[in-house]
1. Give, as ranges by residue number, the residues of segment 88-112 whose backbone N falls under 16 Å from the point 7 Å along Cα→Cβ of Val121.
2. Apply the Karplus curve 6.51 cos²θ - 1.76 cosθ + 1.60, θ = phi - 60°, to the phi angles in segment 46-55 and return the couplings in whole Hz, x for Gly and Pro.
3. With a 1.4 Å probe and all protein chains kept in place, how do Thr79, Thr27 rank by accessible area, largest first?
4. Need one word for segment 31-135: rounded, prolate or oblate. Basis is the Cα gyration tensor (sqrt eigenvalues a ≥ b ≥ c); a/c below 1.5 gives rounded, then a/b vs b/c decides.
5. So what is the relative contact order of the chain, in percent, for Cα pairs below 8 Å that sit 6 or more residues apart?
6. Under a 5 Å amide H to amide H cut-off, with H placed in plane at 1.01 Å, what residues pair with Leu46 once short-range neighbours are removed?
7. Quote to one decimal, in nm, the extra length available between Arg107 and Asn52 on full extension: 0.36 nm per residue of separation minus the C-alpha distance between them.
8. Give me a comma-separated list of calculated 3J(HN,Hα) values for segment 69-79, in order, Karplus coefficients 6.51, -1.76, 1.60 applied at θ = phi - 60°, integers in Hz, x for any Gly or Pro.
Amino acid sequence: MPNILVIHGPNLNMLGIREPGIYGSETLEVINEQIHRHATSKGLSLQIIQSNHEGEIVEAIQKAYNTVDVIILNAGAYTHTSLAIRDAISAVKIPVIEVHLSNIYSREEFRHKSMISPVAVGQISGFGSYSYILGIEAAAELIRRKT
Ligand code: DQA
């Protein structure tokens, strides 16, 4: 079974409470259940982590080397700042699908720049929690193409 790793970055543990007008009112737990169900229906094995720490996200990407087929990454605010996360992605050479709940291009200018996009296969942005479901679809397609 192909292995998918979903990484939620900083403040995504606050979903449900955090700016619901932008991020929706579902909690991360509810979103994770939806992601899990969808991945299972696609025959994918799924691991999900959330971290508020840049170094932990770097370590999770490093640990994925040779064990994970596709990473679905919402790096939160680190999307816009983290050279370390970007370098980790380049190091492991695992295909990354970049995901955002909000449309980062319709928001403040400082969110328009992603450090992750140049090393990601592609980006899904603006569909709320459905962005993650689209991320699973994209992951399934990448795996189909590989096999
Ligand atoms: C986000 C967008 C980022 O700009 C923000 O810092 C987040 C969440 C999103 O999912 O829309 O934490 O990645």
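1. 89-90, 92-100, by backbone N distance to the label point.
2. 10, 10, 10, 10, 10, 8, 8, 10, 4, x
3. Largest accessible area first, the residues go Thr27, Thr79.
4. oblate
5. 27 percent
6. Ile4
7. Value of the extension gain: 17.6 nm.
8. My calculation for segment 69-79 gives 8, 9, 10, 9, 10, 10, 7, x, 5, 5, 3 Hz in order.
The values are calculated or read from the model by the stated rules, or taken from the named source; none is laboratory data. These numbers were taken from a predicted model, which means no experiment stands behind them. Every residue, glycine as well, gets a Cβ built from its backbone with ideal geometry; the counts of neighbours run over all protein chains shown. Just so you know, the surface numbers come from the protein's heavy atoms only, side chains and all, with ligands and any DNA or RNA stripped out. Shrake-Rupley method; radii C 1.70, N 1.55, O 1.52, S 1.80 Å.
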